[in-house]
Amino acid sequence: METTDREILIEAIVDCAKSDGWANLAEVGVVLRVKGVKYGKLSKFILNYSEIVETKVDEIRQPPVVYARLTQDY
């Protein structure tokens, strides 16, 4: 059975998440690419899964860093 992009995304976020549940989106993107997910612009890809993924931006860092975590509904 082939793994879906959704399943790979969930796995990537879980693998990259720190103890607070948030994962650096750039790190998630690396895992997705390694696992063969083709997504173009990562932020747009993540929007397709907004029912299971939430994001936040840390604007204090320069350049800003985007984080993602799974919602409780996944």
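The values are calculated or read from the model by the stated rules, or taken from the named source; none is laboratory data. Just so it is clear, the structure is predicted and the values come from calculations on it, not from any experiment. For neighbour counting, all protein chains shown are included, and Cβ atoms are generated from backbone atoms with ideal geometry for every residue, glycine included.
Quick one: what pairs do we get from the range 51-70, first residue under 12 Å from N24 (Cα atoms), second aromatic (F, W, Y) and surrounded by 12 or more Cβ atoms within 10 Å (Cβ to Cβ), C-beta under 6 Å, 6+ apart or different chains?
What qualifies is K56/Y67; Y67/W22; R69/W22.
Could you list, in sequence order, the residues of the range 20-50 that are under 11 Å from R69 (Cα atoms) and either more than 10 Å from the chain's Cα centre (by Cα) or not in a loop (DSSP other than H, G, I, E, B) (or both)?
Within the range 20-50, D20, G21, A23, N24, L25, V28, I46, S50 meet the criteria.
May I ask you to list the residues in the range 20-46 that are modelled with pLDDT under 95 and either of a type in the set (S, T, N, Q) or touching a Ser or Thr at 6+ places or on another chain (Cβ under 7 Å) (or both)?
Within the range 20-46, just S43 meets the criteria.
Looking only at the range 60-69, decide whether some residue is under 9 Å from the mean Cα position of the chain (by Cα) and in a helix (DSSP H, G or I).
Of the residues in the range 60-69, the ones under 9 Å from the mean Cα position of the chain (by Cα) are 67-69.
Filter once more, keeping what is in a helix (DSSP H, G or I): none.
No, that holds for no residue.
Can you tell me which residues in the range 47-65 are closer than 18 Å to E11 by Cα and either touching a Ser or Thr at 6+ places or on another chain (Cβ under 6 Å) or hydrophobic (A, V, I, L, M, F, W, C) (or both)?
Once the filter is applied, which keeps residues that are closer than 18 Å to E11 by Cα and either touching a Ser or Thr at 6+ places or on another chain (Cβ under 6 Å) or hydrophobic (A, V, I, L, M, F, W, C) (or both), the range 47-65 yields L47, I52, V53, E54.
In the range 1-33, which residue that is in contact with a helix residue (DSSP H, G or I) (Cβ under 7 Å, 6 or more places away or on another chain) and not aliphatic (A, V, I, L, M) is surrounded by the fewest Cβ atoms within 10 Å (Cβ to Cβ)?
That would be D15.
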